[in-house]
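Reviewing the structure listed below.
The values are calculated or read from the model by the stated rules, or taken from the named source; none is laboratory data. Bear in mind the structure is a predicted one, so any value in this text is a computation, not a measurement. When we count neighbours, we look across all protein chains shown, and the Cβ atoms used for this are built from the backbone with ideal geometry, even at glycine. Side chains included, ligands, DNA and RNA excluded: accessible areas come from the protein's heavy atoms. Shrake-Rupley method; radii C 1.70, N 1.55, O 1.52, S 1.80 Å.
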Amino acid sequence: MELLPRSPAEFSSARYWDRFFRQRGQRPFEWYGAFPELCPVLHKYVRPRDKVLVVGCGNSELSEQMYDVGMCQDIVNIDLSEAAVRQMQERSASTRPGMSYLLMDMLHMDFPDAHFQVVLDKGTLDALLTDEEEATLAKAEQMFAEISRVLQVGGRYLCVSLAQAHVLKKAVEYFSQEGWVVRVHQVASSGDKQQFVLPVFVYVMTKFRKVPGSAARILEICPEEQDRPLRVESAERLLAAVKDRQHYALLCSQISKTPCREQVSLDLCDRESGKPRYTLHVVDSPSVKPSRDNHFAIFIIPQGRETEWLFGTEEGRRQLAASAGFGRLLTVALHREQLYEGMAAIQAELSGKVMELAPPGLPARQQVPFLSVGGDIGVRAVRHRGSSALSGDFVVEDVKGDGSCYFRRLIFLQNRNVVQSEARLLAPTPLPGQKKRRKDKKKPSPTEPPGAIDKSYLCCEHHKAMVAGLCLLGGPDALPGELAVLVVGLGGGSLPLFVHDYFSQARVAVVEIDPSILEVATRWFGFCQGERMQVHVCDGLDYVAKLAAEGRSTPAQYDAIMFDVDSKDVTVGMSCPPPAFVEEPFLQKVKTILKPEGVFVLNLVCRDARLKESVLGTLRAVFPLLYARRIQGEVNEILLCQAGPAGRRSPAELGARARAMEGALRQPGRPWDSSYVLADMLQAVLVL
């Protein structure tokens, strides 16, 4: 402990280093980065005939090792510690004639201008630049100015560093402003236990003549697994790239030593575009008893299924890991902007990186299995890309689900893990007289459209509950007759389409604020308007307010009002509906246009418990009868609200009414999804 400085400022003190090397003796002191790790980088920038200056050499073996392997044999080493210089002179005087050691301060060097082709610094800048005080920064600039003076044009300043943010920032800013090419290499780890958890970097600053008036700067980074540098557009982006790699190294170190109490998530990005290519989640299962073969596995989520509950939620992934029977499961989601050649190619691409996330206690040379659903990577075909002034960028894509089912989805890219709308696709049917495809014929491409939209199928559980809520209308044993239904929020249109098609006397008005969404629903989701289906492109708040103002002199218009509208404000803990839709003055307007015996159906998605209680309190103040149906595995909660004279009904009574309504809806010759049982939707309601 006596070797440590009393303050960071002592790192630049000759007295401290003299005491340090006298107490340490002849044992070499290496800040970080062993020669075998540094050699691949140094070899790129140090030529055998170069004249090399090593600043702050201490008693490191780096110069000796470079000399002994023939990398370079004209090396001048300087240090401000007399004890260190004397030790090194004694070690190399008789065996390395091209090596010299001089007592010299790098801030005031005696060498002539343009005397060296390479200046090498291993940890010296880190020791000097211990803080961002004005005096410390002035010393760093003086160091840089001296290095610049003694280097020839085309020469390289190689700085081995841990790349603390303020150190890297100062070096990059100084040399890039001087017109030098700045490149940062991450040093590949040997895999041995490191003295430092943080990765080691080498800054390569190549001297060019400064061009007056030129603002162009060349900034590059070379990750450890790649030889070719990546150009970055700014110093801020370069610092961020280094910081990402430091955070990743810390994460790997942490989870390699102890199990994860919480799930860890990270993105692996495409080298060329910088966009996420894989999203990884590290899931540990403490309940799994470890054995030799169940420590670690990789699970590849099929394309397009990353939004499913099992793969897209913490609880789902926890259940997946437990059922897989591995102590640590690493789930891998594939991104829609990327191309993948198949499972084997993904395994080859990920095999090295995922082993850095292996759990503690993994046996050496243990084979780690790659798992998936059905053994393939799934199918995802992007049908349409668009952008809306209100909703931002979006895509329409077809994905393969379980078995042979295909689904079409609308995804808003600002929240790419949430399916905005979904519809099942019908399998194509052969035309009359058309022969079946022979087995030996070429199979259709998996990216071919499977068929038209299946309008009988409601993909979203909350839509099923919203439709079931219509059983509150009409008598206990009869299907509601003529209905006037208002739906606020179109999406892909499956909810209003289902009401229109299965309630044959229903007249449906839809309000959608975004004209782009109406176009998408019409072109890609089979939505169409007609005599009983009309869309109003406007703000739902304005539309309801206008009807309420007119309703003061005319009877209420609607038997059912359904709100299924998302919020664009991500700062609020409620993503559906926007807060203005559940404020009491607006809810009073909703009540005004709702018939006395009508039902108001609201899709509520609220993660803020206090905000949710406030919303429920406001709803109770306007609608005395309030039922709630929570959607299992989702945040959605369907609220059925009534203000009329109907008495409060029990869940069993609601289930009976739903069963009767389903019987009336299921007509011969009309398709019906057998998994959709209306009674199940309402027997689990809570009476609030």
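Checked against (1) hydrophobic (A, V, I, L, M, F, W, C); (2) open to solvent by less than 20 Å² (accessible area, probe 1.4 Å); (3) in the same structural domain as Q186 (by the TED database), V283 passes all but condition (3). Would you point out the residue of the range 65-84, among those that are open to solvent by 10 Å² or more (accessible area, probe 1.4 Å) and either outside any loop (DSSP other than H, G, I, E, B) or of a type in the set (S, T, N, Q) (or both), that is farthest from L42 (Cα to Cα)? Across the range 65-84, the extreme among qualifying residues is E82.
Within the range 572-592, is even one residue surrounded by fewer than 22 Cβ atoms within 10 Å (Cβ to Cβ), within 26 Å of I411 (Cα to Cα), of a type outside the set (A, V, I, L, M, F, W, C) and touching a Ser or Thr at 6+ places or on another chain (Cβ under 6 Å)? Yes, because at least one residue in the range 572-592 is surrounded by fewer than 22 Cβ atoms within 10 Å (Cβ to Cβ), within 26 Å of I411 (Cα to Cα), of a type outside the set (A, V, I, L, M, F, W, C) and touching a Ser or Thr at 6+ places or on another chain (Cβ under 6 Å).
Between V288, V264, the distinction of being of a type in the set (V, I, T) and at pLDDT 85 or above belongs to V264 only. Checked across the range 134-156, the condition of being closer than 30 Å to I255 by Cα and β-branched (V, I, T) holds for no residue.
Cβ-Cβ distances below 8 Å connect the following pairs, each with a first residue in the range 263-279 that is at negative phi, a second residue that is at pLDDT 90 or above and part of a loop (DSSP other than H, G, I, E, B), and a separation of six or more residues or different chains: K275/H335; P276/H335; R277/H335; Y278/H335; T279/H335.
For V605, state whether it is β-branched (V, I, T) and either buried (at least 21 other Cβ atoms within 10 Å of the Cβ) or closer than 18 Å to D514 by Cα (or both). No: the conditions fail for V605.
On the given criteria, is L390 exposed (fewer than 13 other Cβ atoms within 10 Å of the Cβ), among the hydrophobic types (A, V, I, L, M, F, W, C), more than 19 Å from T313 (Cα to Cα) and touching a helix residue (DSSP H, G or I) at 6+ places or on another chain (Cβ under 8 Å)?
yes
Being of a type in the set (D, E, K, R), touching a residue at least 24 places away in the same chain (Cβ under 8 Å), open to solvent by 30 Å² or more (accessible area, probe 1.4 Å) and out of contact with any Pro (no Cβ under 8 Å at 6 or more places or on another chain) holds for only one residue in K289, K257, K243, and it is K243. Of the strands (runs of 3 or more DSSP E) lying entirely inside the range 208-289, those containing at least 2 residues that are hydroxyl-bearing (S, T, Y) are 276-284. The number of residues in the range 330-372 being open to solvent by 70 Å² or more (accessible area, probe 1.4 Å), at negative phi and either of a type in the set (K, R) or part of a helix (DSSP H, G or I) (or both) comes to 4.
Listed here are the residues, each with its yes/no results for (1) at pLDDT below 90; (2) part of a strand (DSSP E or B); (3) outside the structural domain of V488 (by the TED database).
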position: F600; (1), (2), (3): no, yes, no
position: L604; (1), (2), (3): no, yes, no
position: K612; (1), (2), (3): no, no, no
position: T618; (1), (2), (3): no, no, no
position: G633; (1), (2), (3): yes, no, no
position: E637; (1), (2), (3): no, yes, no
position: C641; (1), (2), (3): no, yes, no
position: P645; (1), (2), (3): yes, no, no
